[in-house]
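Chemist: What follows is a single structure, and I will ask about it in a moment.
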Amino acid sequence: MIVVQPAPLGAPAGRLLGALAAHGHTVYARPEMLPAGEEPVTLAVSDGRFVFDFVSAVRALGSRSFRVLVLSRLGAHPDARCPSLQRLWRLEEHVRAGGAPTLTLRVAPLVGADTPLWRKLRSRPSLPHGGRKLVNPVAESDAVETLLRAIDGRGPWRGWYEVAGAEAVTLAELRDLASGTTGPNGGAWEPPLEEIVEHRLAESEPWATDFGITPTRLAGWAGASVA
């Protein structure tokens, strides 16, 4: 399956599409890079450093049939206070109104040995409100597997899903887990802290059931248990 972006996407969407490419799928950074032909494509959209015109991106596909993958983030909502979450909601609505087959994935904070968030937490940064905020982090490997199953037809291509872990932990607990693992520090708040503070507890069951995924437990790869 060919996947094309309307413009280079921001994190973590760009990194997830890079994982698709690593698994053998062809990913183009812009519609103009598509070779001549009529093969159907998946148009993957999210936010990022570049502003794109969705309608222009669709026109650039010519007569090809297409479907749309919206790589959104947990917290996207019309009443969100964070501007980036408001923008993602508007993008979701704009795409849905276009009528093309659309799958929207609202991805929770991604964790894994080398994810930006995990490296950030490994360095034991200070946390807002004492780290009491509850989050539903999801293993990046689970998010990648979700994309693979969606692209090759093992998952549905309709509606929206919260791609989030089944475990609710505080940011402080997550930091404690990260600081007990080995690896590089640095990293970044991904998503930004102003998005994380707006997160509500996610509903992971519909995603896990429909895509046939058993969410990876934090203790499974962090080598520790969450109290």
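Chemist: Being open to solvent by less than 40 Å² (accessible area, probe 1.4 Å) and aliphatic (A, V, I, L, M) is the filter; apply it to the range 194-223 and report the residue that is modelled with the lowest pLDDT.
Modeler: ALA222
Chemist: Continuing with the same structure: Residue under question is LEU174, and the condition is that it be open to solvent by 70 Å² or more (accessible area, probe 1.4 Å), in contact with a Leu (Cβ under 9 Å, 6 or more places away or on another chain) and more than 17 Å from LEU71 (Cα to Cα); does it hold?
Modeler: no
Chemist: While we're here: Inspect all residues belonging to the range 87-107 and state whether any of them is open to solvent by less than 10 Å² (accessible area, probe 1.4 Å), closer than 30 Å to PRO215 by Cα and assigned to a loop (DSSP other than H, G, I, E, B).
Modeler: Taking every residue of the range 87-107 in turn, none turns out to be open to solvent by less than 10 Å² (accessible area, probe 1.4 Å), closer than 30 Å to PRO215 by Cα and assigned to a loop (DSSP other than H, G, I, E, B).
Chemist: Which one of these does GLY153 not meet: (1) surrounded by fewer than 21 Cβ atoms within 10 Å (Cβ to Cβ); (2) of a type in the set (Gly, Ala, Ser); (3) over 18 Å from LEU69 (Cβ atoms)?
Modeler: Unmet condition: (3).
Chemist: Could you list, in sequence order, all residues of the range 108-128 that are closer than 17 Å to TRP160 by Cα and part of a strand (DSSP E or B)?
Modeler: none
Chemist: Still on this structure, I have one more. Can you find even one residue in the range 129-137 that is in contact (Cβ under 8 Å) with a residue 24 or more places away in the chain, touching a Gly at 6+ places or on another chain (Cβ under 9 Å) and assigned to a helix (DSSP H, G or I)?
Modeler: No, there is no match, as no residue in the range 129-137 is in contact (Cβ under 8 Å) with a residue 24 or more places away in the chain, touching a Gly at 6+ places or on another chain (Cβ under 9 Å) and assigned to a helix (DSSP H, G or I).
Chemist: Which residue, of VAL55, VAL41, VAL68, is at pLDDT below 95 and either aliphatic (A, V, I, L, M) or open to solvent by 60 Å² or more (accessible area, probe 1.4 Å) (or both)?
Modeler: Within the list VAL55, VAL41, VAL68, the selection yields VAL55.
Chemist: Quick check: anything in the range 74-83 within 24 Å of ALA150 (Cα to Cα) and either of a type in the set (Ser, Thr, Tyr) or in a helix (DSSP H, G or I) (or both)?
Modeler: Among the residues of the range 74-83, not one is within 24 Å of ALA150 (Cα to Cα) and either of a type in the set (Ser, Thr, Tyr) or in a helix (DSSP H, G or I) (or both), which makes the answer no.
Chemist: What number of residues within the range 156-168 are surrounded by fewer than 21 Cβ atoms within 10 Å (Cβ to Cβ) and either closer than 17 Å to GLY112 by Cα or among the small types (Gly, Ala, Ser) (or both)?
Modeler: 4
Chemist: Looking at GLU173, GLU167 in this structure, which one is among the charged types (D, E, K, R) and assigned to a helix (DSSP H, G or I)?
Modeler: Exactly one of GLU173, GLU167 is among the charged types (D, E, K, R) and assigned to a helix (DSSP H, G or I), namely GLU173.
The values are calculated or read from the model by the stated rules, or taken from the named source; none is laboratory data. Here the structure is a predicted model, which means the values were calculated and not measured. Don't worry about glycine lacking a Cβ; one is built from the backbone with ideal geometry, like all the others, and counts go over all protein chains shown. For accessibility, only protein heavy atoms count, side chains too; no ligands or nucleic acids. Shrake-Rupley method; radii C 1.70, N 1.55, O 1.52, S 1.80 Å.
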